[in-house]
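Undergrad: Starting off with a structure, shown below.
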Amino acid sequence: MNSKDEFSWEAFHKAPIVGIIRGMDIDSVRGIAQAHLDAGLYTLEVTMNTAGASEIIAAIRSEFPALNVGAGTVCTVSDFKKAIDAGSQFIVTPIIDEEVIKSAVAQQIPIFPGAYSPTEIYKAWSLGASAVKVFPATQLGVQYIKDVSAPLNDIKLLPTGGVCS
């Protein structure tokens with residue numbers, strides 16, 4: 001399955017919200033995927049520490065072609081390869097792993113690495129991130145995002161964490 005040519009930036013920009021699936025079975029994920037689309041949302045991340053993550057990614061890609069489906073909690077190159085083999089259209093990490101970022105950039109796969117401080121945010125962006133996942137954003141609040149965005153206004157930020165668990 002080809003990953004890089006099928007990520008829809010247009011759909012992502014219509015509703016730049018990424019739903020995160022962690023620890024759920026395929027039947028639950030199917031229901032969430034349908035609800036996501038019904039709500040006008042187009043991007044879902046399945047964390048690689050979910051049992052059967054690769055199979056879930058492949059199934060949701062096949063059954064819900066209007067969705068951008070990617071892999072999260074990608075911490076190693078091995079995780080990255082599994083995610084891409086499953087058909088992930090994008091990659092999300094909770095950390096900055098230079099090899100994972102470089103692998104995604106080299107393959108033109110959108111990547112959203114996790115960062116917390118302005119230094120980490122800038123480093124992730126400098127390595128080629130498509131946007132930087134500010135994580136955990138719940139600990140920082142909206143003002144932090146505004147404060148970081150002021151001097152780093154060219155960096156696309158994706159605040160993440162804590163909407164529901």
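Undergrad: Over 20 Å between Cα atoms: which of K14/K156; K14/K82; K123/K156; K14/K81; K14/K133 fall into that group? Walk me through the numbers before you get to the answer.
TA: Values: K14/K156 15 Å; K14/K82 28 Å; K123/K156 13 Å; K14/K81 29 Å; K14/K133 18 Å.
Table pairs above 20 Å Cα-Cα are K14/K82; K14/K81.
Undergrad: For L37, what accessible area in Å² do you get when you roll a 1.4 Å probe over the heavy atoms of the protein chains, rounding to the nearest 10?
TA: Its heavy atoms expose roughly 40 Å² to the probe.
Undergrad: At 7 Å along the Cα-to-beta-carbon direction for both S126 and R30, put a label point, then send me their distance in nm to one decimal.
TA: 4.7 nm
Undergrad: Now for a separate question. Might you tell me the accessible area per residue for the stretch 84-149, computed with a 1.4 Å probe and given in Å²?
TA: Numbers: 2910 Å² over 66 residues.
Averaged over the residues of the stretch 84-149, the accessible area is 44 Å².
Undergrad: When the expected Rg is taken as 2.2 N^0.38 Å, what fraction or multiple of it is the alpha-carbon Rg of the stretch 1-136?
TA: Values: Rg = 13.7 Å, N = 136, 2.2 N^0.38 = 14.2 Å.
That works out to 0.96 for the stretch 1-136.
The values are calculated or read from the model by the stated rules, or taken from the named source; none is laboratory data. Keep in mind the model is a prediction, meaning the values are calculated, not measured. We place every Cβ from the backbone using ideal geometry, glycine too, and count neighbours over all the protein chains shown. In case anyone asks, the SASA skips ligands and DNA or RNA and just uses the protein heavy atoms, side chains included. Shrake-Rupley method; radii C 1.70, N 1.55, O 1.52, S 1.80 Å.
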